[in-house]
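K.L.:
Let me give you the structure first, and then I'll get to my questions.
The values are calculated or read from the model by the stated rules, or taken from the named source; none is laboratory data. This one's a predicted model, so the numbers in the text were calculated from it and none came from an experiment. Backbone-built Cβ (ideal geometry, glycine too); neighbour counts: all protein chains shown. Only protein heavy atoms, including side chains, enter the accessible area calculation; ligands, DNA and RNA are left aside. Shrake-Rupley method; radii C 1.70, N 1.55, O 1.52, S 1.80 Å.
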Amino acid sequence: MSDINTGTLDEVNGSFATLGWAKPFISRGTVTREVTWRRGDISRSTSVSGFRPLVATRAGVALKGALVVAVLVSVGSCGSPEPRGSAPGTDGTSAGCEIRDTTQQVADRFSALGKVVSTEWCAMDLTGGSSRVPGPSDIRMVGCFETTAADMQKILGGSGRTFQKAEPEDIPDPLSGSVGGKTEWVTSPEVNEEITGGLYTATFYFDRDSHKVLFDSVNPTRTADEGAVVGG
């Protein structure tokens with residue numbers, strides 16, 4: 001499929017949605033057409049205003065009717081429908097959550113929060129992976145990683161940041177063991193904004209004693225792409 005206005009293929013526009021630079025949206029409108037036809041000969045004499053007539057109408061008594069067509073068009077950056085799971089934790093919380101412990105993918109995206117010593121995370125397709133949905137999928141990446149005490153102190157002690165106690169919500173069951181236990185999570189809207197740069201949706205939680213960072217994000221970009229640097 002392609003963009004209605006420019007003809008740009010979804011393969012091109014889709015990358016902008018993946019980066020968070022473009023979002024699908026719903027557009028609604030109405031159109032009114034006048035339909036005329038000849039009595040008793042509707043199949044050959046119907047004419048619709050605004051379109052080339054199917055068959056030119058002949059002289060004679062014609063019946064006129066107004067046809068109002070409501071048009072619901074889904075218009076997006078890549079022709080996809082309204083995104084599902086546009087905020088963390090709003091879709092199926094455990095479906096498709098296969099635990100991974102590889103650090104590279106986490107470090108590529110969240111290294112600005114500190115060194116990734118160890119991690120457990122999963123990535124879930126919020127669209128359900130349906131082949132009927134055009135364009136890129138919305139991927140929820142959620143998990144936690146352990147950082148160093150120095151990096152945790154740098155995050156929590158950064159100037160201009162406020163932290164509030166908060167309990168993570170809708171965490172997939174397979175990750176409950178990693179994020180539960182004796183933890184006291186805090187979160188900061190300023191840190192959330194610094195890390196995402198407004199390019200994607202995410203909430204980050206921090207536990208001082210365990211040096212754990214919990215991330216719940218949708219379509220996170222790599223740190224190198226967004227240029228985020230979080231320091232003291």
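K.L.:
Under a point spin-label approximation (7 Å from Cα along Cα-to-Cβ), what is the I42-R100 distance to one decimal in nm?
P.N.:
5.8
K.L.:
How big is D, in µm² s⁻¹, for region 142-232 by Stokes-Einstein at 10 °C and 1.306 mPa s if Rh is the Kirkwood radius over C-alpha pairs?
P.N.:
Numbers: Rh = 13.6 Å.
Estimated diffusion coefficient is 117 µm²/s.
K.L.:
Another question, if that's okay. Using a 1.4 angstrom probe on heavy atoms only, work out the carbon and sulfur share of the accessible area of region 149-194 in %. Don't jump to the answer; show the numbers that get you there.
P.N.:
On the way: 1260 of 2620 Å².
Exposed carbon and sulfur together represent 48 percent of the surface.
K.L.:
Rolling a 1.4 angstrom probe over the protein heavy atoms, how many square angstrom per residue are accessible across region 178-221?
P.N.:
On the way: 1640 Å² over 44 residues.
Value for region 178-221: 37 Å² per residue.
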